[in-house]
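Take a look at the structure below.
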């Protein structure tokens, strides 16, 4: 998921000391959009390796005395005289890390990875890294990262006498997930580059002895423009296709391009035969455990399962709620309309023709699968990492982009700053809790639409698929607590009309003025998040406005074709990409007696997909508190678990517990 680059320059190349230093600066600043938790750079020159890695964003790293000292040492060795011609060949690898496993504050977890035979950087997630350690008897790991495991395996194969080409093929045959690697093998003086996602672009001047690689086309374009690099990008910018690798011999600067032997099917594989009843098996797969749970008894709608604690709910004489009475069956535009859009944007030259916003959840994962394999488009997967993307989502993202051979572009926010602001939202809320203000906890992901639009423009792509819009998953109660009945028209927040936006805005402002603790440094971010959702205009295609959502097919396809991972502490497959959901659902259930799972299952009842009894059983199991996930969430944002949980236990509730029937209060 990180941003990486590599640059190889031959002895005698006409370039100045200042130009080389500035190009490294520009490349590190350009790749930091993909990761801000640590930065690293490595150099090979004159049979010497120098490197530096620090837990800070690139813009800070570049100003540090430590970096200037390393850079000056390297420049002194490779330049002589007037400093206008390289006196020795130079290889540079750099990385802006988005930490997916292993704390960035432990130096051995950061990149570049430095081993006896390798200096390497890795972008992606290897999901079977622990298994590889056991099966391949890998030793010598100093950190906790999959990148280190990948390079240890590569080093082992090289030591066993395999050629670099065959060693890379063997590595990519054994790993699961996504990987783009750039590494230097000092004994043979060879730079190895390989990708199974296509997240690798290059420009070069082979005759002049110059090669440059980076994670994204716009990163290269930004680094090349108005710099000396433009003199040497004679071939333009080209993608290294998924399943391909390059080997550059830095003695003669010849390059060999070869296949990794990975097959990327272009057509939809046969969906597995249905076996048994999905919902029956799902309910039976987990034994209901209420020992540590209060018995919550609620008056519920006789048609769906919404309780009388649901905001703005009303029941008729037969006990049917107004949400059921007013419900309109969901109509989709159909597969033919989706095919027509695909045909209008398909590029015959094989270049990326669309972007799929990819959270790592089941809806966006299935959409990416469908766009690539069924529609036959060549998508770029886009993720906005706001600091609460769950680890399981990152692993699932790696599985899909690796198997599909899809380039994955990530915009990483300043995660430390994001988490500080989430802590401020939660701390302010704890002082005066109101269920309408819980939406603030999730506001940090709202700039995703802003960023996917920006990335589409950078790549010159007009077709953007958003994977929201599945109305079965609407959770209107979150806005109901702010006196807004329909907060997600068409399943999309920013489709809210002017009058409803005004109602929402006024009631949200009330929460601020009733609780001055919300006026803190997070306010500026909140204003931008609000504008990203309700002010800025977007032109997207909503994937689930075209296809009927079939939970069974979605989950079965992901599990069987991609070994899609689910948490071990819940039967849920929804929201597993969101590290925030266990906490906010705990609050909604503790104080209101229900969660968004009750909404999902109620909508399925209205659509005739499941029975009311099935809905009630499923919601009961899915609403089981995920204490470990909550503990992890609070640790991420820097709040004490015991203090927060004790506070929530003491807050007023809208129901009673025990054996007595409860009503709204």
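The values are calculated or read from the model by the stated rules, or taken from the named source; none is laboratory data. This one's a predicted model, so the numbers in the text were calculated from it and none came from an experiment. Quick reminder, even Gly has a Cβ in these numbers, built from the backbone with ideal geometry, and neighbours come from all protein chains shown.
Within segment 448-469, the presence of at least one residue that is at pLDDT below 90, over 17 Å from the mean Cα position of the chain (by Cα) and under 15 Å from residue 359 (Cβ atoms) is confirmed. Residue 94 fulfils the conditions (1) under 23 Å from residue 13 (Cβ atoms); (2) assigned to a helix (DSSP H, G or I); (3) in contact with a strand residue (DSSP E or B) (Cβ under 8 Å, 6 or more places away or on another chain) except for a single criterion, (2). Yes or no: segment 120-129 includes at least one residue that is in a helix (DSSP H, G or I) and touching a helix residue (DSSP H, G or I) at 6+ places or on another chain (Cβ under 7 Å). Yes, because at least one residue in segment 120-129 is in a helix (DSSP H, G or I) and touching a helix residue (DSSP H, G or I) at 6+ places or on another chain (Cβ under 7 Å).
Based on this model, can you work out whether residue 529 counts as crowded, with 20+ Cβ neighbours inside 10 Å, in contact with a helix residue (DSSP H, G or I) (Cβ under 6 Å, 6 or more places away or on another chain) and at negative phi? In short, yes. Residue 438 meets all of the listed conditions (1) in a strand (DSSP E or B); (2) more than 26 Å from residue 172 (Cβ to Cβ); (3) over 11 Å from the mean Cα position of the chain (by Cα) but one, namely (1).
Here residue 105 fulfils each of the conditions (1) under 22 Å from residue 251 (Cβ atoms); (2) in the same structural domain as residue 34 (by TED's automatic domain parsing); (3) out of contact with any strand residue (DSSP E or B) (no Cβ under 8 Å at 6 or more places or on another chain) apart from (1).
To keep it simple, each residue is scored yes or no on (1) within 23 Å of residue 399 (Cβ to Cβ); (2) under 22 Å from the mean Cα position of the chain (by Cα).
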{"position": "117", "(1), (2)": "no, no"}
{"position": "121", "(1), (2)": "yes, yes"}
{"position": "135", "(1), (2)": "yes, no"}
{"position": "139", "(1), (2)": "no, no"}
{"position": "145", "(1), (2)": "yes, yes"}
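Being assigned to a strand (DSSP E or B) and either touching a residue at least 60 places away in the same chain (Cβ under 8 Å) or touching a strand residue (DSSP E or B) at 6+ places or on another chain (Cβ under 6 Å) (or both) holds for only one residue in 426, 452, 411, and it is 411. Tell me yes or no: at least one residue of segment 561-568 is assigned to a helix (DSSP H, G or I) and touching a helix residue (DSSP H, G or I) at 6+ places or on another chain (Cβ under 9 Å). Yes - at least one qualifying residue is present in segment 561-568.
Count of segment 455-492 residues, restricted to those that are closer than 13 Å to residue 542 by Cα, touching a strand residue (DSSP E or B) at 6+ places or on another chain (Cβ under 9 Å) and part of a helix (DSSP H, G or I), is 2. Checked against (1) closer than 23 Å to residue 28 by Cβ; (2) surrounded by fewer than 19 Cβ atoms within 10 Å (Cβ to Cβ); (3) more than 27 Å from the chain's Cα centre (by Cα); (4) at pLDDT 85 or above, residue 231 passes all but condition (4). Scanning segment 611-624 for residues that are surrounded by 18 or more Cβ atoms within 10 Å (Cβ to Cβ) and not in a helix (DSSP H, G or I) yields 623, 624.
Against the condition farther than 30 Å from residue 391 by Cβ, in contact (Cβ under 8 Å) with a residue 60 or more places away in the chain, buried (at least 18 other Cβ atoms within 10 Å of the Cβ) and over 24 Å from the mean Cα position of the chain (by Cα), how does residue 90 come out, does it pass? So residue 90 passes the test.
Please indicate, with yes or no, whether at least one residue in segment 177-196 is in contact (Cβ under 8 Å) with a residue 40 or more places away in the chain, out of contact with any strand residue (DSSP E or B) (no Cβ under 9 Å at 6 or more places or on another chain) and either exposed (fewer than 15 other Cβ atoms within 10 Å of the Cβ) or over 23 Å from residue 457 (Cα atoms) (or both). Yes, because at least one residue in segment 177-196 is in contact (Cβ under 8 Å) with a residue 40 or more places away in the chain, out of contact with any strand residue (DSSP E or B) (no Cβ under 9 Å at 6 or more places or on another chain) and either exposed (fewer than 15 other Cβ atoms within 10 Å of the Cβ) or over 23 Å from residue 457 (Cα atoms) (or both).
Scanning segment 635-651 for residues that are free of Cβ contacts under 8 Å to residues at least 60 places away in the same chain and within 24 Å of residue 391 (Cβ to Cβ), which turns out surrounded by the most Cβ atoms within 10 Å (Cβ to Cβ)? If we take residues in segment 635-651 being free of Cβ contacts under 8 Å to residues at least 60 places away in the same chain and within 24 Å of residue 391 (Cβ to Cβ), then 645 is surrounded by the most Cβ atoms within 10 Å (Cβ to Cβ). Taking the criterion of being more than 30 Å from residue 619 (Cβ to Cβ), in contact (Cβ under 8 Å) with a residue 24 or more places away in the chain and surrounded by fewer than 20 Cβ atoms within 10 Å (Cβ to Cβ), the only residue of segment 462-500 that qualifies is 462. Summed over segment 212-228, the residues that are more than 31 Å from the chain's Cα centre (by Cα) and modelled with pLDDT of 75 or more give a count of 1.
Okay, residues lined up against (1) over 21 Å from residue 631 (Cα atoms); (2) under 25 Å from the mean Cα position of the chain (by Cα):
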site	(1), (2)
533	yes, yes
544	yes, yes
553	yes, yes
558	yes, yes
572	no, yes
581	no, yes
585	no, yes
609	yes, no
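Among the residues that make up segment 152-174, is at least one of them surrounded by 21 or more Cβ atoms within 10 Å (Cβ to Cβ) and under 20 Å from residue 3 (Cβ atoms)? Looking for residues that are surrounded by 21 or more Cβ atoms within 10 Å (Cβ to Cβ) and under 20 Å from residue 3 (Cβ atoms), one finds none in segment 152-174, hence no.
Filtered by the rule that a residue be surrounded by fewer than 24 Cβ atoms within 10 Å (Cβ to Cβ) and not in a helix (DSSP H, G or I), segment 392-406 gives a lone residue, 405. Answer with yes or no whether residue 501 is farther than 17 Å from residue 480 by Cβ and either in contact with a helix residue (DSSP H, G or I) (Cβ under 9 Å, 6 or more places away or on another chain) or at pLDDT 95 or above (or both). Considered against the rule, which asks whether it is farther than 17 Å from residue 480 by Cβ and either in contact with a helix residue (DSSP H, G or I) (Cβ under 9 Å, 6 or more places away or on another chain) or at pLDDT 95 or above (or both), residue 501 comes out as no. As for segment 339-362, it holds at least one residue that is assigned to a helix (DSSP H, G or I), more than 20 Å from residue 411 (Cα to Cα) and in contact with a strand residue (DSSP E or B) (Cβ under 7 Å, 6 or more places away or on another chain).
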